[in-house]
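Below you'll find the structure, written out as structure tokens, and then a few comments.
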Amino acid sequence: MMQRDVASFAFAPAVKVRLISAGFLTAKDICDLRPTELSKEAGISQQEALEVLQEVRRGPAEQGAAESRLTALELLEREQALGTVITFCSALDQALGGGIPVGKTTEICGAPGVGKTQLCIQLAVDAQIPGCFGGLGGQAVYIDTEGSFLVERVVDVATAAVQHCTLITKDTEQREALQSFTVETVLSQLFLFRCHDYVELLAQTHLLPDFLSQHPKVRLVVIDSIAFPFRHSFEDLSLRTRLLNGLAQQLTQIASQHSVAVVLTNQMTTRIGQNQSMLVPALGESWGHAATQRLILHWEGKHRFASLYKSPSQREATVPYQITPHGFRDVQLPDPSVTPADPSLTPSLNSRKRPRGEEGDPSDA
Amino acid sequence: MDWDQVELNPKVVHAVKRANVKTFREVLSLSGPDLQRLTKLSHADVHHLQKTVAAAVQTDPAVTALQLYRGECLFLEQHQKLSLGCPVLDSLLRGGIPLLGIVEIAGESSAGKTQICMQLCLSVQYPRKYGGLEAGAVYICTEDTFPTKRLQQLSSLQHKLRPEVPADVVKSITFCDNIYIEHAGDVDSLNSCISKRVPILLSRGLVRLVVVDSIAALFRCEFEAKDALLRAKHLLAFGATLHSLSHRFKTPIVCVNQVADAVGDFDLVQSNFGLLDKKVLPTLGITWSNQLLIRLMVSRTRFSLQEWLPGLAAQPWHLGSVVRTMEVVFAPHLPQSFCYYTVSIDGVRGVKEEPAS
């Protein structure tokens, strides 16, 4: 620990440069000095010297989680323990490896009307599904920049989700959980923020960590959409790129530090190729690296498809989906032997892990 | 930016001013290390500065969806809607037009777009319990001259269109006096209209509806195909101004758009066809559709009123014998659906019946 490089500590760049050019290269060189001595030697202010010494003298156990040692297995277990937010479309959940991952950022792109907001509202409801039904039992934050969050639609989706859980309830634990999983509680645990321009969005992102600390049950943060406030009033595109990169970093950090799934929606724009035009996600090439996972929703004729384009752990896949009055759902295949009794309810919740030993009960579907 | 409204250590404020960081926007747009470098403040001070400024910018508190549903949230009114003046059309839209956001009505010529807009300008003037907003409307014309005679005819027949409203209420509203007609022949005058004159009318509470008929005309004429980027930039700025007006004054904005033939595979891929088969798509591309809350498309069917609903056609106030469709192409709270409507002497009415064929 004493041999640790000064450059590897999280000091401001200006301070680091001063320390290194004054000859302080490792933690050992610094930790025995007094603040006034360090301040004089390195040419930094007293306040800065104090901060440097505090940081250097902290034992490894007190330093950030990023600096403690974890094996890859421990990391994998931690990730799996975080869980996922299901989408209620079992084909999409399967392609995603269970659902939208908690602790990571996921981007959803698509043309207007294809269903981005519908999926976001579905996720905001699904994050609240109690644990004994295979959900996370958490709360949700929805940051609306376009004004497309209409509460009557949330009521539709919440009602259908509660009804679905009511129909598949089997044991007392689930019955009890249902007492606190009603349309009213779902609405009361969905926090809405409205941002009208990029400055308000930047401000909201600065305030988000404190909000999440005060509301530790939040498991999902949706920003719908991140494109809208950034697509006008930027004469200087490099400023926009810098702001977006900063935002992406902050959101990635928030996702992992507060164990929330961060979902961002993006618009599509036209890119003129040599002979043809293509629809591509907006916000530029470098934004493509911002989120951990990228989902693109698109039309083929009258049918809607979701394609998983970028994911570190899942294969690329394209699955069909539909938007029903109940929300985001699978497309029911017209196979009579598999059709469930009520086609508007999907069996996706039943395929999730269940705490008891009720294995593959055919009457579930 | 007002440094007095934030509670900050004077030393911090002084350091920020000395670093020539003048606005809240700049404080939030710079990264932590950049701010530290410019102001020579400590990491903790900069962190506190950014959070304090953020709290000053984002003043609206967090609201739960339940509070929104119960109407307890003053800055986000979602239950009130603007009625179209016809119960069938209103039920297609689950109550009417939401107060916040841009609604587009696209369709071929003589499908009835202007008729629907004029009906909205009348409907907005009714009291709230009849689906209005108790104020007038601004109608921005960019193509033909405004059909004033037709408006006068419609306002004199309001009692026929809206039998559910007591006659004395209808009589007390001087419809034509509350509709302000503006003309804009090019993009610049349109921008100056919506950024200067319209806000004055809105801030005085004289109007609670803005209609732009049509946006297509100006943007398609002034920009050639090679100026696609420039056109996109203007469209985005125009959309942003409309959004900010809509939010500031809780006012619906209705924009009329033209349609063009759907050509080639590209249009097939990008377009949301909606339920009905169509060979035309709204103009102005995805740049414009990204800014809309609701897209409605209207078109003429091949059904004539006489052959389909002979009972209805015989009544004296049905003119223009072709039945039309109004379709919801996308909306956050509505499924894709459509209904039929007719244009009669007293206005636009939805038709619940289906054609026999």
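The values are calculated or read from the model by the stated rules, or taken from the named source; none is laboratory data. As the structure is a prediction and not an experimental result, all values here were calculated from the model. We place every Cβ from the backbone using ideal geometry, glycine too, and count neighbours over all the protein chains shown. The accessibility values were calculated without ligands, DNA or RNA, using every heavy atom of the protein model including side chains. Shrake-Rupley method; radii C 1.70, N 1.55, O 1.52, S 1.80 Å.
Worth pointing out:
- Take every pair of alpha-carbon atoms less than 8 Å apart whose residues are at least six positions apart; their mean separation over the length of segment B:76-351 yields a relative contact order of 25 percent.
- According to the Kirkwood relation over distinct C-alpha pairs, the hydrodynamic radius of segment B:9-57 is 10.4 Å.
- The listed residues B:129, A:28 rank as B:129, A:28 when sorted by accessible area, largest first, using a 1.4 Å probe.
- Applied to segment B:161-172, the Karplus parametrisation 6.51 cos²θ - 1.76 cosθ + 1.60 on θ = phi - 60° returns per-residue 3J(HN,Hα) values of 6, 10, x, 6, 8, x, 4, 5, 5, 4, 5, 6 Hz, with x for Gly and Pro.
- With all protein chains in place and ligands, DNA and RNA left out, the 1.4 Å accessible area ranks B:213, A:197 as A:197, B:213, largest first.
- Base-10 log of normalised Debye intensity for the protein assembly as shown (one unit scatterer per alpha-carbon) at q = 0.07 Å⁻¹: -0.56
- Taken over chain A, the percentage of Cα pairs per 20 Å bin, counting from 0 up to the bin with the maximum distance, is 26, 49, 22, 4, 0.
- In Å², nearest 10: area of residue A:330 left accessible to a 1.4 Å probe: 10
- Mean Kyte hydropathy of -1.0 or more with a Cα span along the axis of at least 18 Å, helices from DSSP in chain B: B:43-57, B:228-249
- For the set A:116/B:51; B:81/B:171; B:149/B:171; A:217/B:40; A:310/B:278, the pairs lying more than 26 angstrom apart at their alpha carbons are A:116/B:51; A:217/B:40; A:310/B:278.
- Relative contact order, percent, segment B:9-57 [alpha-carbon distance under 8 Å, six or more residues apart]: 39
- From phi via Karplus (6.51, -1.76, 1.60), per-residue ³J(HN,Hα) for segment A:140-147 in Hz, x at Gly/Pro: 9, 10, 10, 9, 9, 10, 9, x
- Residue A:239 contributes about 40 Å² of solvent-accessible surface, heavy atoms of the protein only, 1.4 Å probe.
- Among the protein heavy atoms, those of residue B:79 account for about 100 Å² of accessible surface (1.4 Å probe, every chain in place).
- Interface area, A with B, accessible, probe 1.4 Å, both sides summed, Å² nearest 100: 4900
- Relative contact order for segment B:15-141, counting Cα pairs under 8 Å that sit 6 or more residues apart, in percent: 15
- For chain A, the longest principal axis of the alpha carbon atoms and the long axis of helix A:151-168 meet at an angle near 70°.
- The GluC sites (Glu not before Pro) found in segment B:175-230 that occupy coil by DSSP, while having at most 14 further C-beta atoms within 10 Å, are B:224.
- Fluctuation leader among A:101, A:209, A:312 - chain A, Gaussian network, Cα springs under 10 angstrom: A:312
- Among A:300, A:200, A:37: highest mean-square fluctuation, GNM of chain A, C-alpha pairs under 10 Å: A:37
- Helices in the protein assembly as shown, meaning DSSP H runs of at least 4 residues, each add -39500 (n - 2.57). Divided by all residues, the mean residue ellipticity at 222 nm is -11000 deg cm²/dmol.
- Annotation note: trypsin sites (Lys or Arg not before Pro) in segment B:1-52 located in DSSP loop regions with a Cβ neighbour count of at most 12 within 10 Å are B:22.
- Amide H contacts of residue A:109 (H built 1.01 Å from N, under 5 Å, at least 5 apart or other chain): A:266, A:295, A:296, A:297
- For A:169, B:174, the ranking by accessible surface with the largest value first comes to B:174, A:169, using a 1.4 Å probe.
- The H on the amide N of residue B:63, modeled in the peptide plane, is under 5 Å from the matching H of A:192, each at least 5 residues off or on a different chain.
- Residue among B:238, B:75, B:338 with the largest mean-square fluctuation in a Gaussian network model of chain B, springs linking Cα atoms under 10 Å: B:75
- Unit Cα scatterers, Debye sum, chain B: log10 I(q)/I(0) for q = 0.08 Å⁻¹: -0.49
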